[in-house]
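Derivation of every value follows stated rules applied to the coordinates shown; laboratory data play no part. Keep in mind that what you see is a predicted model, and the values were worked out from it rather than measured. Cβ: placed from backbone, ideal geometry, glycine included. Neighbour counts: every protein chain shown.
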Amino acid sequence: MNKDFLWWRDGIIYQIYPRSFADSNNDGIGDLPGIISQLDYLANLGVDALWLSPIYPSPDVDFGYDVADYTAIDPKFGTMKDFEQLVKAAKKRNIHIILDLVLNHTSDQHPWFIDSKKSKDNPYHDWYLWQDPLPNGDPPNNWQAIFGGPAWEFDPDLGQYYYHMFFKEQPDLNWRNPQVRQAMLDVFRFWLKRGVDGFRLDVFNAYFKDPQLKDNPTQFGIRAFDRQKHIYDVSQPEMYPLLNKIRGIMDTRKDTYVVGETFLARPEQTASYCGANMLHAAFNFDFAENRWHPTRFLRSAQKWYEALSEDAWPNNFLSNHDMPRTATRYCFGEDDRRAKVAAAMLLTIKGTPFIYYGEEIGLRDIPIRRKQDVKDPVGKTFWPLYKGRDGCRSPMQWNAAVNAGFSTADPWLPVHDNFPERNVEVQSADPSSLLNFFKQLIQVRKAEPALQRGDFKPLVAEPKHLMAFFRTYLADQILVVLNFSSRELIFDLPDGKWITLFGEDQPNGGFIALAPYDVRLFKRTD
């Protein structure tokens, strides 16, 4: 490994949804000891960090994104001792731990909110966004909740409304209260002391709301939430000085990382939160939400690079816990060829790659056919127009045993029917599998600094069927060629001497024949 290797810039980050990764005590829910049991698998895959979706105590109205205690472990996932063991065991394998911090809102079962409801004079009342009704009894403004209905919930005992951007069981905190800010900054310190190296900030740009709570202007949209321009309920200017403070805390320890999930923000707005004294990075959803076309991905990537300042570093992802999986969106049936092209793009284009668990074996979303089967409350609310996020959260498929080796008990979500053929054990034994494709390409990436931190230059500005680009670092130059089409293509190699880093054969003269959905990497030798 290179001496100047920086894990969050040059490495690969793997997202785990803990409920669905590995169940050690056979209660149907994944847990921390389960993750520990698979650390050798993750190290062998070649990842450098694990991002864990929330593991804090929660009533699970939104499956962990309604936090009842920021400095404890939910018993269903294990204990603090289990967490400390996970950090220690991961570090032995040079794997870093990134925690998900949900700081915009708490659970309504959090002691802070329970106290805030007791009276208007309670010290915690101002920790949340409580407001008197308008003279006619209406809510304070026209803001809507993204999960449906008005964003204001009336409490008859207090005669006031409280604000919630998401479910009513997820009241938003009042970040303008200095005590709230102090308590939240202490959460960063608490976990850093326990060996955590990074954080993913959930909907961080929603922390502050307009101080006057002005009405959002209206626009055309299908849902009530979409019929507003979200000017006053997100992306307020106070976010920038707060990010300075967060970064200051992170920089008290060497090589830490904080990445943000921006909410309702264009790439330019997202990029403004990244750089020196700000976030190390933020997620660009434009790239992940593209249809299958090389030009679309290329444009999204270039737009992202151009928006970022020189002291910021991009990252890229194609799947996460809130969206349909890569293979579900792009592949036909059980054919993994497009999944290989997508993986190669993610691992070779400029930016830190984030891999969602199971992406390396091509997990497909489980089908959601009946409303009574839906676990995700968002799916229950919007059925059948939106079936929720259960599809992409199904258990990891380890082998062909009962429940794909995830658990001997009935899992909290069903395992996909394809698990006897699509699992880690089967793919490990198949040299041509998607899993071995991932492993081989990750090893190439690890050996080539140009693929980790090199400059990016496309060869074709408007590619119709293939994506070709250079990654250049110091004297090294690598050419990546990806065939997005189901047809064989001929590609003319640029001038120079090239050797094959990844792919079937050596260049034949000045051109190469690309098989359908082919992936080739070459290195300049002259």
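Details
- Whole-Hz ³J(HN,Hα) from phi, Karplus 6.51 cos²θ - 1.76 cosθ + 1.60, for the range 267-276, glycine and proline x: x, 5, 5, 4, 4, 5, 8, 10, x, 4
- Modelled spin-label separation between Asn25 and Leu385, with each label point placed 7 Å from Cα along the Cα-to-Cβ direction: 4.1 nm.
- Centroid-to-centroid, using Cα positions, the range 325-391 and the range 1-78 are 19 Å apart.
- 0 to 90° range, to nearest 10: angle between helix 80-92 axis and the chain longest Cα axis: 20
- For the chain, the Cβ-based charge dipole about the Cα centre amounts to some 860 debye (Lys, Arg positive; Asp, Glu negative; other atoms uncharged).
- Amide hydrogen proximity for Val258: with H placed 1.01 Å from N in the peptide plane, the residues at 5 or more positions away or on another chain lying under 5 Å are Phe199, His280, Ala281.
- Restricting attention to the chain, close to 60% of DSSP beta bridges with both partner residues there are antiparallel.
- Along the range 485-496 the Karplus relation, 6.51 cos²θ - 1.76 cosθ + 1.60 evaluated at θ = phi - 60°, assigns HN-Hα couplings of 9, 8, 10, 6, 10, 9, 10, 7, 6, x, 4, x Hz to successive residues, with x for each Gly and Pro.
- Close amide H partners of Ala49, meaning residues 5 or more places away or on another chain with modelled amide H under 5 Å apart, are Ile12, Tyr14, His96.
- Considering only alpha-carbon pairs that sit under 8 angstrom and 6 or more positions apart, the relative contact order computed for the range 111-163 is 30 percent.
- Using a Förster distance of 35 Å, the FRET efficiency for Glu425-Glu504 (Cβ separation, nearest 0.05): 0.85
- Taking the C-alpha atoms only, the angle from helix 239-250 to the longest principal axis of the chain is near 70 degrees.
- Efficiency of FRET from Cβ geometry, Ala461 and Ala515, R₀ 35 Å, rounded to 0.05: 0.90
- Cut-off under 5 Å, modelled amide H: who pairs with Phe502 long-range: Leu521
- For the range 56-175, projected area of the alpha-carbon convex hull averaged over all directions, nm²: 8.9
- In order along the range 177-188, the phi-based Karplus estimate (6.51 cos²θ - 1.76 cosθ + 1.60, θ = phi - 60°) of 3J(HN,Hα) comes to 7, x, 5, 5, 4, 5, 4, 6, 5, 5, 5, 4 Hz; Gly and Pro are listed as x.
- Annotation: aspartates and glutamates with alpha-carbon distance below 14 angstrom to Lys350 (same-chain offsets under eight excluded): Asp10, Glu306, Glu310, Glu448, Asp455.
- Relative contact order %, the chain, counting alpha carbon pairs below 8 Å whose residues are six or more apart: 12
- Once the C-beta distance of Ser309 and Lys91 is scaled by a Förster radius of 22 Å, the resulting FRET efficiency is 0.10 to the nearest 0.05.
- Charges were assigned to the Cβ only: +1 to each Lys and Arg, -1 to each Asp and Glu. The resulting dipole of the range 454-524 about its Cα centre is roughly 120 debye.
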